[in-house]
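Each reported figure results from applying straightforward, stated rules to the coordinates on display, with no laboratory input. Predicted model, so just to flag it, every value in this text is computed and none were measured. No Cβ is skipped: glycine too gets one built from the backbone with ideal geometry, and neighbour counts run over all protein chains shown.
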Amino acid sequence: MEFSSKLLENAVNEVAMLPGIGKRTAMRLVLHLLKQPAERTLLLTDALTKMRNEIIYCQNCQNISDFAVCEICNNPSRDHSIICVVEDVRDVMAIENTRMYKGIYHVLGGKISPIEGISPSQLNINSLVEKVKHQKVTEIIFALSSTMEGDTTNFYIFKQIKPFSVNVSTIARGISVGDELEYADEVTLGRSLLQRIPFESSMKSM
């Protein structure tokens, strides 16, 4: 792709680094911004800069937040005795969109994957075990994707919390094996949560 401006080329190259954005799409987006009033572009860059510099992670669940404790954890109407364990913040958003879950979350920050060099110590697993040990937790819901890595992570956490008096369940397999949670439609995901099953029962079908 030939460029008449190095400034344009640099902008296109940066936008093209975003997931799912190729060079042609990046070109269309950059040219669109170029046609807009300068204030629109400044508002966009200001929003992105503030997001990057000011956003933090909830000290309780590791969800993205504007404050030390996120709005979900700070909501007294949520059931704090039920914790839904998810891989990342996109899964929190997906489950929240179902409007069928009233507990709180625990974001692991990934899944155990020896191939990718991701070990349990690199995930937010120890803090989850500490919650089970010291807080009034009645149920842990595994809501990781139905993949080998997801199942491995579920089983590892299950072994860590098994000595404690807490119910452990997993979302029903309305989510196809191998699917990522964030791509499930809201109805299927909602039903999978409501129809969750004991984790030990799910292991029999693995």
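Points worth noting:
- Annotation: the residues SER4, SER192, sorted from fewest to most other C-beta atoms within 10 Å of their own C-beta, follow the order SER4, SER192.
- Range in the chain, longest, excluding exposed chymotrypsin sites (Phe, Trp or Tyr not before Pro) [loop by DSSP; at most 16 other beta-carbon atoms within 10 Å]: 68-163
- Extension gain, ASN167 back to LEU29 (0.36 nm per residue minus Cα-Cα distance, nm): 44.8 nm
- Helical content alone sets the calculated 222 nm signal of the chain at -12500 deg cm²/dmol, taking -39,500 (n - 2.57) per DSSP H segment of four or more residues and averaging over every residue.
- The distance separating the Cα centre of the range 108-176 from that of the range 60-80 comes to 19 Å.
- Loop-located trypsin sites (Lys or Arg not before Pro) in the range 84-151 whose Cβ has at most 13 other Cβ within 10 Å (DSSP): ARG99, LYS102, LYS136
- Per-bin percent of Cα-Cα distances, the range 66-169 [5 Å]: 2, 12, 23, 26, 20, 12, 5, 0, 0
- Length gained when the stretch GLU139-ARG90 is fully extended (0.36 nm per residue, less Cα-Cα span): 15.5 nm
- For the chain, relative contact order (Cα pairs under 8 Å, six or more residues apart, normalised by length) works out to 15 percent.
- Rounded to the nearest 0.05, the FRET efficiency derived from the C-beta distance between LEU7 and ILE197 at R0 = 41 Å is 0.15.
- Whole-percent pair-distance distribution, where bins are 5 Å wide, for the alpha carbons of the chain: 1, 7, 13, 16, 16, 13, 10, 8, 7, 5, 3, 1, 0, 0
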